[in-house]
Amino acid sequence: MKSYLPLILGMMLVTFLPRLIPFIILSDRPLPPLLRRFLTYIPYTALGALIVRGIMQAPSGFEAATITGVCVAAVCSWLKGGMVLSVLAAIMFVFFILTVFG
Amino acid sequence: MPIVVGYFPVAMAFGILSKTVGVSLQDSFLFSLLVFAGASQFMALDLIRAGMMTGSIILATFLLNLRHLMMSASLVVRLPQIRKRWLFLIAFGITDETFAIASLKDSSLGISYLLSLQGISYASWVSGTVAGYLVGTVLPDAVQNSLGIGLYAMFTAILVPEIQKSVRVLLLAVISGMTYMLISFFDLLPSGWSLIVAIVMASAAGVLFFPDPVREGTK
């Protein structure tokens, strides 16, 4: 099999640096307000795009199950809160659907 | 700790998927051990499968992980003064999940709390990857496929409480999701770039069109 070590090391670097840099430089220097707002929005826009991407790239035949799973997680999280509960509920629900209708 | 329940199945899904894509057990293990980034690792597998070059995958990972800048930044201000060596460990353990849990904690954040939260997450991530790789393909297809939903269920469960706090979050997520959908539906950009462009465009739109936030950032 092909070795992915260069990729892994590169990804390690670009994953670690964004996590580390704020710890080092952000102790007392404030960011420009516009940049700060831009960065504040990134988690939400990232999640929105990631979820849509997950649905669009679901393996063929699993589109409906994926959408249902995301909806179950959303409803569960809206009503009850809690990541673990929502994730488990979604996994179990999708498993149920795939077993019954798959 | 309940975070194990959230991490382990998703890590297993990563292990299973990396085997499917043709990554060796050792590399799959190293991915989780050294990178420790759920979304990025899944994206990397996707891009490997799409035949993308190493450099492009690293760039895509970098842009995807820029969101951690903000997460780290918002945690830094809540942490007491800490020694440098802890700082490196804590920075390594910042993920969407540990951030979401740590930032939702109401009381003050301690080093020991953060480190144990991250340590447990890390252990379940790495062990789940190996477990998934080894036993994954033995599991029935229905189980394998339902594990894959875990990641998106997790993203949803992180996003929804934020939407409950502010309708602006919903707008941002929807704008970004729609942008992504348009770009990838019409095949405007190579795979991997659609995500980055959608994130950047939607965040920029937020900066342009939203009036100054009522509360600047989080605490």
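The values are calculated or read from the model by the stated rules, or taken from the named source; none is laboratory data. None of these values were measured; they are calculated from a predicted model. Don't worry about glycine lacking a Cβ; one is built from the backbone with ideal geometry, like all the others, and counts go over all protein chains shown.
From the residues in the range B:41-62 that are over 22 Å from B:TRP125 (Cβ atoms), more than 7 Å from chain A (Cβ to nearest Cβ) and assigned to a helix (DSSP H, G or I), which one is modelled with the highest pLDDT?
It comes out as B:GLY55.
Restricting the search to the range A:80-102, which residues are under 29 Å from B:SER103 (Cα atoms) and in a loop (DSSP other than H, G, I, E, B)?
Correct list: A:LYS80, A:GLY81, A:GLY82.
Every residue in the range B:64-90 that is surrounded by 21 or more Cβ atoms within 10 Å (Cβ to Cβ), of a type in the set (A, V, I, L, M, F, W, C) and more than 14 Å from A:ILE24 (Cβ to Cβ), please.
Residues satisfying the conditions are B:LEU64, B:MET70, B:MET71.
Select from the range B:12-40 the residues that are under 13 Å from the mean Cα position of the chain (by Cα), aromatic (Phe, Trp, Tyr) and at the interface with chain A (Cβ under 10 Å from one of its Cβ atoms) and list them in ascending order.
Scanning the range B:12-40 gives a single hit, B:PHE36.
Considering A:ALA64, A:ALA46, which residue is within 7 Å of chain B (Cβ to nearest Cβ) and free of Cβ contacts under 8 Å to residues at least 40 places away in the same chain?
A:ALA46
Kindly establish whether A:SER77 is among the polar types (S, T, N, Q) and either in contact with an Asp or Glu (Cβ under 9 Å, 6 or more places away or on another chain) or not in a loop (DSSP other than H, G, I, E, B) (or both).
Spelling it out, A:SER77 is indeed among the polar types (S, T, N, Q) and either in contact with an Asp or Glu (Cβ under 9 Å, 6 or more places away or on another chain) or not in a loop (DSSP other than H, G, I, E, B) (or both).
Please work out which one of (1) of a type outside the set (Val, Ile, Thr); (2) facing another protein chain (nearest Cβ under 7 Å); (3) out of contact with any Phe, Trp or Tyr (no Cβ under 9 Å at 6 or more places or on another chain) is the condition B:MET71 fails and give its number.
Of (1) of a type outside the set (Val, Ile, Thr); (2) facing another protein chain (nearest Cβ under 7 Å); (3) out of contact with any Phe, Trp or Tyr (no Cβ under 9 Å at 6 or more places or on another chain), only one is false for B:MET71: (3).
Answer with yes or no whether A:ILE8 is facing chain B (nearest Cβ under 7 Å) and under 20 Å from the mean Cα position of the chain (by Cα).
yes
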